[in-house]
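The values are calculated or read from the model by the stated rules, or taken from the named source; none is laboratory data. The shown structure was predicted, so the numbers you read here are calculated from the model rather than taken from an experiment. Using ideal geometry, Cβ is built from the backbone for each residue, glycine included, and neighbour counts are taken over all protein chains shown. These accessible areas exclude ligands, DNA and RNA; they are computed on the full protein's heavy atoms, side chains included. Shrake-Rupley method; radii C 1.70, N 1.55, O 1.52, S 1.80 Å.
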Amino acid sequence: MNSLDHNYDALVIGGGPAGLAAAVSATQAEARVAIVDDNPGPGGQIWRGEHRRPNSHEAAEWLDRARVKHVEFIGGARVYDQPEKGLLLAETFDGALELRYRKLILATGAREIFLPFPGWTLPGVTGAGGLQALVKSGLPIEGKKVVVAGAGPLLLAVAAYLRKRGADVALIAEQAPLKSLLSFGFGLWRWPGKIIQAINLKRELAGVPHVAGCWPVSANGEERLQSVKFRRGRKTWDVVCDYLACGFHLAPNVELAVFLGCEAPDGVVLVDEFQQTTIPDVYCAGEATGIGGLELSLVEGRIAGLAAADRREEARALFAERRKIRQFADLLNRTFALREELKSLPRPDTVVCRCEDVSFEQLEKQTTWRAAKLHTRCGMGPCQGRICGAAVEFLLAWRPESARPPVFPVKVGSLIRDVKPIAGKGQ
Ligand SMILES: Cc1cc2nc3c(=O)[nH]c(=O)nc-3n(C[C@H](O)[C@H](O)[C@H](O)COP(=O)(O)OP(=O)(O)OC[C@H]3O[C@@H](n4cnc5c(N)ncnc54)[C@H](O)[C@@H]3O)c2cc1C
């Protein structure tokens, strides 16, 4: 297939739940619709790998709908530049690929927030969702002792998954106070489906200690992780383990949207009631518009897809459902807000930017993200601030000031627009 064939009525960036729902809904206009994703298959974070063998009924349904509706899937392609309106460049294994669109739907999801503490860079310390992704990709976890720590409901989902795969989950440490968790639990009566989910998770995790108001203060070991020191109030204690799966909730992936010119105050992409961004014909759905979980991603994706297909009345019919789920998302974000004490986790010599080896002490001497970049190279390594950025924002209240191409690090060949035709991939 020639690169000129990558010409779409609606192009969706991101093949997670929001992107799948958006793409399927956009086909209502019998349009040519494609999803581009940097992973080899569709599914995003939660349904990773399920295009080969779906584990959940919901994943199977959405993947099947995308197939039936002839949504094209372009896997292993990361969008990194827009040289002109309506033309995007994506990097693939074989070189850069040109993608043309009339309507664009951003469904770029979220990533975990990692906060630096002494020892957090030791082998054996991973993100919570990060360890889950490694196990899904084949890391053997059977019989390994794992502690799961940080913030948010993802901790429970990850712990349950790891336990199912044979891990010995020794502790789940949630930084939110017990009082917040209890009022969250009582507030769930408005969302009966969530109560059932919570009961199922609790059953799957029977016997695993789940401690609130508790967080890791250091990870210890010589060559790799051997134990983690936890704090709860004034008490500290050590837990011996093979893995610490640690994530402090999620941060929306907004870099691409910001680069395209969409407004994203407060770190979330601003959208109107039809999920349209501040740029005409560019929509956004899912975690990039604010952390809200699977159901919100799906309904936002459906609205964005229908709106892009000019089916506004059908989109409008979903507004009430979205409103109700957003109320749940607001409760979730209030409950799991990060506590101030976590700002004192790093010691002066704790590495914050692990790509460029920048310590907390070096950053404290700077006043802005820009100054920190210029003087320390913080955020300028291979991850381009994707790991340290959210930590710096929490610890020092700095935000990146702009997004420039390439949005992701790419090969020199891609930078000089080495546009290669690649074979089109169906799902
Ligand atoms: C690591 C991790 C693990 C999670 N695990 C669970 C879980 O077990 N259970 C649960 O209930 N929730 C989980 N979540 C939360 C879950 O992902 C969300 O609730 C929701 O499903 C997100 O859907 P989405 O479509 O908005 O984003 P995602 O599912 O994150 O999909 C976004 C997709 O866009 C792709 N993408 C981003 N930028 C580009 C680009 N420039 N070019 C090409 N592709 C791009 C990403 O690679 C990704 O595949 C997890 C989140 C994370 C970050």
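In segment 260-360, what percent of the accessible surface is made up of carbon and sulfur (1.4 Å probe, ligands and nucleic acids excluded)? About 46 percent, which is the carbon plus sulfur part of the accessible surface. Anything over 23 Å Cα to Cα? Flag those among 144/202; 179/235; 164/202; 85/373; 179/343, in the order listed. From 144/202; 179/235; 164/202; 85/373; 179/343, over 23 Å: 85/373. For the pair residue 56 and residue 377, the difference between a 0.36 nm per residue extended length and the Cα-Cα distance amounts to 111.3 nm. Ligands, DNA and RNA are left out, and with a 1.4 angstrom probe the accessible area of segment 114-248 is 46 Å² per residue. Calculated FRET efficiency, residue 168 to residue 229, Cβ-Cβ distance, R0 = 30 Å: about 0.95 to the nearest 0.05. The 3J(HN,Hα) values that the Karplus relation (6.51, -1.76, 1.60; θ = phi - 60°) gives for segment 195-202 are, in residue order, 5, 4, 4, 5, 5, 4, 5, 4 Hz. Gly and Pro appear as x.
Annotation: amide H-H contacts under 5 Å for residue 215 (H modelled 1.01 Å from N, sequence separation of 5 or more, or interchain): 231. For segment 233-251, the residues whose amide N sits under 12 Å from a probe point set 7 Å from the Cα of residue 344 along the beta carbon direction are 233-234. Excluding ligands, DNA and RNA, the accessible surface per residue across segment 347-410 is 55 Å² with a 1.4 Å probe.
When 322, 52, 316, 302 are compared by accessible area at a 1.4 angstrom probe, the order from most to least is 52, 316, 302, 322. Beta-bridge orientation, the chain: approximately 45 percent antiparallel, per DSSP, counting only bridges with both partners inside.
GNM remark for the chain: springs join alpha carbons under 10 Å apart, and the peak mean-square fluctuation among 155, 296, 260 falls on 260.
Only helices enter the 222 nm calculation for the chain: every DSSP H run of n ≥ 4 contributes -39,500 (n - 2.57), and dividing by all residues gives -9000 deg cm²/dmol, rounded to 500. 3J(HN,Hα) along segment 356-366, derived from phi through the Karplus expression 6.51 cos²θ - 1.76 cosθ + 1.60 where θ = phi - 60°, amounts to 10, 6, 9, 8, 4, 4, 5, 6, 4, 7, 9 Hz, with x in place of Gly and Pro.
Against the chain, whose longest principal axis comes from its Cα atoms, helix 178-187 is set at around 40 degrees.
In the elastic network of the chain, a GNM with C-alpha springs shorter than 10 Å, the most mobile of 55, 253, 39 is 55. Ignoring the sites themselves, the chain has its longest run without GluC sites (Glu not before Pro) in a DSSP loop having at most 16 other Cβ atoms within 10 Å at 274-400.
What the phi angles of segment 287-304 give under the Karplus curve with 6.51, -1.76 and 1.60, with θ = phi - 60°, is a coupling list of 4, 5, 8, x, 6, x, x, 4, 5, 5, 4, 5, 6, 5, x, 4, 5, 4 Hz, glycine and proline written as x.
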